[in-house]
1. Residues being over 18 Å from the mean Cα position of the chain (by Cα) and in contact (Cβ under 8 Å) with a residue 40 or more places away in the chain: count how many of those fall in region 101-135.
2. Check whether at least one residue in region 200-213 is touching a strand residue (DSSP E or B) at 6+ places or on another chain (Cβ under 9 Å), within 23 Å of Leu31 (Cβ to Cβ) and part of a loop (DSSP other than H, G, I, E, B), and report yes or no.
3. Contact list please: Cβ distance under 7 Å, first residue in region 1-28 and in a strand (DSSP E or B) and buried (at least 19 other Cβ atoms within 10 Å of the Cβ), second residue modelled with pLDDT under 95 and among the polar types (S, T, N, Q), pairs at least six apart or on different chains.
4. Considering only region 65-80, I want to know if a residue exists there that is closer than 24 Å to Ala15 by Cβ, surrounded by fewer than 19 Cβ atoms within 10 Å (Cβ to Cβ) and within 16 Å of the chain's Cα centre (by Cα).
5. Mind counting the residues in region 157-210 that are touching a residue at least 40 places away in the same chain (Cβ under 8 Å), over 21 Å from Asn121 (Cα atoms) and in contact with a Gly (Cβ under 8 Å, 6 or more places away or on another chain)?
6. If you go through region 29-43, how many residues are assigned to a loop (DSSP other than H, G, I, E, B) and over 14 Å from Pro215 (Cα atoms)?
7. Against the definition (at positive phi and not polar (S, T, N, Q)), how does Gly117 come out, yes or no?
8. Report the residue count in region 96-114 for those that are at pLDDT below 90 and among the aliphatic types (A, V, I, L, M).
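The values are calculated or read from the model by the stated rules, or taken from the named source; none is laboratory data. Quantities reported herein were computed from a predicted structural model and do not represent experimental measurements. Neighbour counts are summed over all protein chains in view; Cβ atoms, including those assigned to glycine, are modelled from backbone coordinates with ideal geometry.
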Amino acid sequence: MTGVTRAEYCVIACAEAWRGDGEVLASPMGLIPSVGARLARLTFAPDLLLTDGEALLVRPDGTTEGWLPYRQHLALVTGGRRHVMMGASQIDRFGNQNISCIGDWERPRRQLLGVRGAPVNTLNHPTSYWIPRHSRRVFVERVDMVCGVGYDRAAGARHHRIPRVVSDLGVFDFATPDRSMRLASLHPGVTVEQVREATGFELTVPDEVPPTREPTAGELRLIREVVDPAGTRTREVAA
């Protein structure tokens, strides 16, 4: 196997979001999270349920293994039995996410997707985030509109949890006393200074930041030959 690419480190980092989740519905949004969820199912998380995004449960190879009618899907969504990995147009230090608009809500500079299901997702089951281009435009001091709910707004929400945020620079979590964002690992070739420069708020950085876990030879083979032989992962992270 040739050297591990940045995209493949991101796949591993996304896959790790579902480690230990057990039998839950994995809902990855984006190319690399989708590759990561399928890899997790094939390796350390065999009980994961994968969906085609509509009404079917599928195996990692895309073949059908079950039916998930919308009513049952909603029961999973509202009862903590789902773990979604969403995108974010903006995210702040406490994990508040915005996918709705940039600028003032009454007269935004740019209209985006809208709130969609972000409030329900974040208040009712674990939600991680995937951000393919880490920048100050995304990692902001304060989001322009709260769609996904962060730790500073989630008091009393039984199933609220943000296991991790993965970007093309590293992995982040909220393992701090005030539940603000912390740098958990760096992808190879990335420095702490680069991450700080690309982040629009003061990030908690440990004295020693470990590298993101490297894929095993078996995982690399699965990524390259089974899960993503067409290399779609490089469309999101080319390095």
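1. Step one: of region 101-135, the residues over 18 Å from the mean Cα position of the chain (by Cα) are 101-112, 114.
Narrowing the set further to residues that are in contact (Cβ under 8 Å) with a residue 40 or more places away in the chain leaves 101-105.
Qualifying residue count for the region: 5.
2. Checked region 200-213: at least one residue is touching a strand residue (DSSP E or B) at 6+ places or on another chain (Cβ under 9 Å), within 23 Å of Leu31 (Cβ to Cβ) and part of a loop (DSSP other than H, G, I, E, B).
3. Short answer, once both residue conditions are applied: Leu25/Thr51; Ser27/Thr51.
4. No, region 65-80 has no match at all.
5. 3
6. Of region 29-43, the ones assigned to a loop (DSSP other than H, G, I, E, B) are 29-30, 43.
This time we only want the ones that are over 14 Å from Pro215 (Cα atoms), so: 29-30.
Residues flagged as assigned to a loop (DSSP other than H, G, I, E, B) and over 14 Å from Pro215 (Cα atoms) within region 29-43 amount to 2.
7. Working: at positive phi: no; not polar (S, T, N, Q): yes.
Taking the combined requirement at face value, the residue does not satisfy it.
8. Residues that pass the stated criteria total 2.
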